[in-house]
Each structure stands twice: as structure tokens, then as C-alpha cells.
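The values are calculated or read from the model by the stated rules, or taken from the named source; none is laboratory data. Here the structure is a predicted model, which means the values were calculated and not measured. Heads up, the Cβs are rebuilt from the backbone with ideal geometry, glycines too, and the neighbour counts pull from every protein chain shown. We work out accessible area using only protein heavy atoms, side chains counted, and drop any ligands, DNA or RNA first. Shrake-Rupley method; radii C 1.70, N 1.55, O 1.52, S 1.80 Å.
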Amino acid sequence: MNILENHIVEVHNEEPYDEYWIKEFYPKTFVKVDMTIDCYGRVKRDTNIFETEDWKKIKKQGYFMA
């Protein structure tokens, strides 16, 4: 399986993610992101969960690897 660039087309919603299982990763925080992504011409809307610090970097560069 290859890892490909998933370019962010549009961010529809960002909100803190606080489900019970993330307590295992304290003090890390997470964000739930609803966005449209483009991966080599395949455009889709999806919801992903990222660590908050990683999300800041992803948003700045405009893509993430998946």
C-alpha cells in the first residue's frame, strides 16, 4: 500500500475531539476535522482525527500523507 498526498480542498468544520479513549494519551489533545480532500483527482469529503499540533502543521502545508 502506497502512502499518498491528500491535499486539502476545503475545511468545513474543526472541533476539539474528547472521546473517552484519548485519556490514554494525556496530555496530547486532538481535533476532529470535516474536510474535502483531493488525492490524485479523487475528491471526497471525509472526517479525520488529528493530534492538535500535527493538525496545525498539516493545515499550514495544505496536505497530509495517508
Original post:
Within a Cβ distance under 14 Å of D18, other residues only, what is the Lys/Arg minus Asp/Glu net charge?
Top reply: -2
Subject >> GNM top mover of E14, E24, E51 - the chain, alpha-carbon springs below 10 Å >> reply: E24
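So what is the relative contact order for the chain, in percent, with contacts set as C-alpha pairs under 8 Å and at least six apart?
Details: 106 pairs, mean separation 25.9, N = 66.
That works out to 39 percent.
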**OP:** Would you mind getting the accessible area per residue of the chain, heavy atoms of the protein chains only, 1.4 Å probe, in Å²?
**Re:** 78
Original post:
What is the helix-to-structure angle for 52-61, meaning the angle in degrees between its Cα long axis and the longest Cα principal axis of the chain, kept from 0 to 90 and rounded to the nearest 10?
Top reply: 20
Original post:
Looking at (1) 30, 29, 18; (2) 67, 33, 15; (3) 37, 26, 20, which value of Cα extents along the principal axes in Å comes from a calculation on the structure shown?
Top reply: (3)
**OP:** Rounding to the nearest 20 debye, state how big the charge dipole of the chain is about its Cα centre with +1 on each Lys and Arg Cβ and -1 on each Asp and Glu Cβ.
**Re:** 180
Original post:
Which loop-located trypsin sites (Lys or Arg not before Pro) does region 23-66 contain, where loop means any DSSP state but H, G, I, E or B and the Cβ has at most 12 other Cβ atoms within 10 Å?
Top reply: K28
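May I have the count of lysine pairs in the chain with C-alpha atoms under 16 Å apart, counting pairs 8 or more residues apart or located on different chains? Mind dumping the intermediate values first?
Numbers: K23/K32; K28/K56; K28/K57; K32/K56; K32/K57; K32/K59.
Lysine pairs satisfying the spacing and distance rule in the chain number 6.
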